[in-house]
Every structure is written in C-alpha cells, then in structure tokens.
Amino acid sequence: MVDFDWPWQYKFPPFFTIQPNIETFKKQLEAWCSLVLDYQRHIKQYTLDVTEAQNSELFYNKQLNRRLSLEAIYVVLDELKRRGNLEWKDKSKKSCTLIWRTPAEWGKIIYNWICSRAMNNTVCTLFELSDGEDSEGQEFHGLDKEILIRALKSLESEGKAEFMVFDGSEGVKFF
C-alpha cells in the first residue's frame, strides 16, 4: 500500500486543538472532515471505532506528540454526519460507517464495471463482487457489505439490477 499523503495541517500543532476564532474553526473543521474521509478511503476502512480511533495515526501525530481530543473527534464526526458522510451504528456513538461515496455512486461504478466486462444478464454473488478475484483492483473491491447492498438496491430502483436471495446466499442479476 502506498503511503498516505498527509495534508500540511497534519504537521501543524494547532491543527490538533479546536480553534476559538470561528472562521479559523470552519477551515479547521473542513480540513478534518476531508482528512478523515481521505484517510479512511486510502486504507479502505468503512467502519470507525471512536475509542480505537483516538490512538490511531489519523487523530494522533506521534512526531508532534499531538492528539485530537475525544470531544473534538466528536465535533468532526458530527459534522460528517450533518454532511451525509457518516452514519452511527449505535446510539452510544461508539462506532460509525463512513460514506465517501453515495450508494448511487457506488452502484454506477459497479454497473460500469459489469458493462465493461459484458456481464449483463448474469447473476453474481455479493462475495464475487466485493471479494472475488475478478473484482481485485476495482475501487469497490472489499466494499462494506451494507454499502454494497445499498448500491445494488440503488441499481435495482433504476431497473439496472435485481437484488435476490437464493439458497441462503445474496446476489444480484444485472440487466
């Protein structure tokens, strides 16, 4: 995996402290939101455990010995929720799903790949799509199952696919 390209702010100690000036704070919050989404996308992780994240390199710069406080992490995550890039998995807000692409965008990427491989009118299991050899190297390879199902349901609503369950397995037929 290629090293992550950290933004300049990550190397700037005040970035890890909520700024009191409202205009500075807005820019800081924007930078944190972008960083969280870019980083999670880079490592292909769709779920974030807030307790574990406190000590991850995302929120803790060991070189600077600076860490974003738990309260500040929640400010960033709440902003991502407000923007539609995050969904809490539990009421206690300990775990969340990060959404850097909408289900419709993922659906379009998957459908374009299906069409490019002339796989229309075929049935694929969810495993084949997200973890199969054929999808290796594709942006959706390893996609979180919940997000994958939403992407396929968006294709279904467009008449491009039919989500189905057969013999205990979930799959999709593309049109």
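With a requirement of 3 or more residues that are open to solvent by less than 70 Å² (accessible area, probe 1.4 Å) and modelled with pLDDT of 95 or more, none of the strands (runs of 3 or more DSSP E) lying completely within region 23-135 satisfies it.
Condition check ((1) touching a helix residue (DSSP H, G or I) at 6+ places or on another chain (Cβ under 7 Å); (2) over 23 Å from Pro7 (Cα atoms)) across all residues:
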{"site": "Asp38", "(1), (2)": "no, no"}
{"site": "Glu71", "(1), (2)": "no, no"}
{"site": "Lys94", "(1), (2)": "yes, yes"}
{"site": "Trp100", "(1), (2)": "yes, no"}
{"site": "Glu105", "(1), (2)": "no, yes"}
{"site": "Ile110", "(1), (2)": "yes, yes"}
{"site": "Ala118", "(1), (2)": "no, yes"}
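The values are calculated or read from the model by the stated rules, or taken from the named source; none is laboratory data. These numbers come from a predicted model, not from an experiment. Backbone-built Cβ (ideal geometry, glycine too); neighbour counts: all protein chains shown. When the accessible area is computed, the model is the full protein with side chains, heavy atoms only, and any ligands, DNA or RNA have been set aside. Shrake-Rupley method; radii C 1.70, N 1.55, O 1.52, S 1.80 Å.
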